[in-house]
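Written below as structure tokens is the structure these notes are about.
The values are calculated or read from the model by the stated rules, or taken from the named source; none is laboratory data. All values derive from a computational prediction rather than experimental measurement. Positions of Cβ are generated from backbone atoms using ideal geometry, with glycine treated the same way; all protein chains shown enter the neighbour counts. Please note that ligands, DNA and RNA were not included when accessible areas were found on the heavy atoms of the full protein model with its side chains. Shrake-Rupley method; radii C 1.70, N 1.55, O 1.52, S 1.80 Å.
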Amino acid sequence: MTKFNAAQGAPAALSVEALWKVFGPKADKIIGTPLADLPRSEMLAETGCVAAVRDVSFDVAPGEVFVVMGLSGSGKSTLVRCLTRLIEPTAGTVTIDGDDVTNASDAKLRELRRNHVSMVFQHFGLLPHRQVIDNVSYGLEIRGVGKAERRAKAAEIIELVGLKGNERSYPDQLSGGMQQRVGLARALAGDPSLLLFDEPFSALDPLIRRDMQNEVVRLQGDLQKTMVFITHDLQEALKVGDRILIMRDGEIVQIGTGAEIVANPADDYIKDFVSDVPKSHVLTLKYVMRPPRSTDILEGPVMSPDTVVWKAARAALAADHVVQVVEDGRLVGIVDDEAILRVVVAEEDTTESVSV
């Protein structure tokens with residue numbers, strides 16, 4: 001999957017700056033006053049308003065899968081709906097591919113939603129009286145694309161998401177996972193520049209949910225789409241995301257890669273959030289390596305700092321000498337058996353404490 005790299009210098013595919021959504025009377029009068037700093041319960045008592053999204057800013061790089069996660073009530077679903085003004089922001093700006101969404105006319109907003117952005121929701125929203133191929137091609141139909149052309153495109157996408165052979169089925173003839181694949185195919189059919197997922201798999205059974213997560217990872221490898229993915233599930237976030245934004249009470253608590261968040265939680269809230277994560281499956285060698293010493297025998301395996309610890313563990317423990325961590329042809333660190341075992345033993349201790 002494409003990893004975010006600010007050094008690449010590419011313009012952001014999505015830019016969110018100082019975004020607020022306040023529900024209630026005279027909501028726009030609160031921002032910029034001391035009332036805006038009140039905790040939710042106090043703001044509600046004082047003003048009758050609730051700040052669902054508070055001063056949120058972030059950029060998403062082209063081809064990045066950016067996950068927004070948090071518990072129920074954290075503001076994540078409100079945030080994703082503000083991006084295309086399905087919910088009108090109270091303040092702030094949203095820019096998609098250089099276009100200012102927050103100040104766009106109704107006509108421009110319709111054009112943006114039809115041609116540049118697609119959403120995949122938890123509830124599939126399929127048209128029950130239409131076959132799969134016509135559900136998938138529905139967005140193209142709205143654009144005025146001819147029947148033959150839109151069906152040809154739909155058939156191509158149906159095969160891409162693993163539904164070939166089901167073109168003539170109706171939604172009620174499909175399982176939940178297959179219905180969500182139809183929803184995903186419909187979102188992809190219009191070739192959008194930005195895909196927005198609002199907890200798309202949370203209603204699915206665990207095994208089907210895992211399959212759909214794998215499908216997103218696979219499709220991203222093929223298509224390199226820019227995605228914003230909303231979830232309350234940290235394991236899902238770690239699996240599909242390049243970077244993760246964690247929200248609480250409408251505010252950003254931390255943004256970073258999965259490894260950055262697990263290795264350096266911003267506060268006790270995040271630390272508790274990641275406490276059960278199998279760290280060897282998330283941390284990379286970058287977080288466990290040490291500086292080279294003059295006594296190191298540099299004859300062991302050579303690995304990238306982005307190698308996940310569990311993938312490196314077997315080769316590292318089997319080697320007679322330390323692992324050399326090399327980046328751009330330069331030795332940047334050393335990983336010895338002790339570093340590997342430190343992560344694995346800590347993981348086992350966490351598992352035992354949870355099981356007790």
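Listing for the model above:
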read-out	value
Single condition Thr231 does not satisfy, out of (1) over 30 Å from Ile270 (Cβ atoms); (2) touching a strand residue (DSSP E or B) at 6+ places or on another chain (Cβ under 7 Å); (3) polar (S, T, N, Q)	(1)
Counted residues, region 115-133 - those being closer than 14 Å to Ala189 by Cβ and surrounded by 19 or more Cβ atoms within 10 Å (Cβ to Cβ)	7
Test: residue in region 166-189 that is open to solvent by 40 Å² or more (accessible area, probe 1.4 Å), of a type in the set (Ser, Thr, Tyr) and not in a strand (DSSP E or B)	yes
Output for region 92-115, where each listed residue is closer than 30 Å to Gly221 by Cβ and in a loop (DSSP other than H, G, I, E, B)	Asp97, Gly98, Val101
Hey, Thr78 open to solvent by 10 Å² or more (accessible area, probe 1.4 Å), in contact (Cβ under 8 Å) with a residue 24 or more places away in the chain and under 18 Å from the mean Cα position of the chain (by Cα) or not	yes
Total residues in region 97-114, condition of a type in the set (Gly, Ala, Ser), surrounded by fewer than 14 Cβ atoms within 10 Å (Cβ to Cβ) and either on the phi < 0 side of the Ramachandran plot or under 18 Å from the mean Cα position of the chain (by Cα) (or both)	2
Helices (runs of 4 or more DSSP H) wholly inside region 238-356 that include at least 1 residues being loosely packed, with under 15 Cβ neighbours inside 10 Å, among the acidic types (Asp, Glu) and at pLDDT 85 or above	268-273, 337-355
Selection count, region 99-126, where residues are farther than 15 Å from Arg143 by Cβ and in contact with a strand residue (DSSP E or B) (Cβ under 9 Å, 6 or more places away or on another chain)	9
Flag if Pro89 is surrounded by fewer than 20 Cβ atoms within 10 Å (Cβ to Cβ), outside any strand (DSSP E or B) and at negative phi	no
Test: residue in region 47-62 that is hydroxyl-bearing (Ser, Thr, Tyr), part of a loop (DSSP other than H, G, I, E, B) and open to solvent by less than 70 Å² (accessible area, probe 1.4 Å)	no
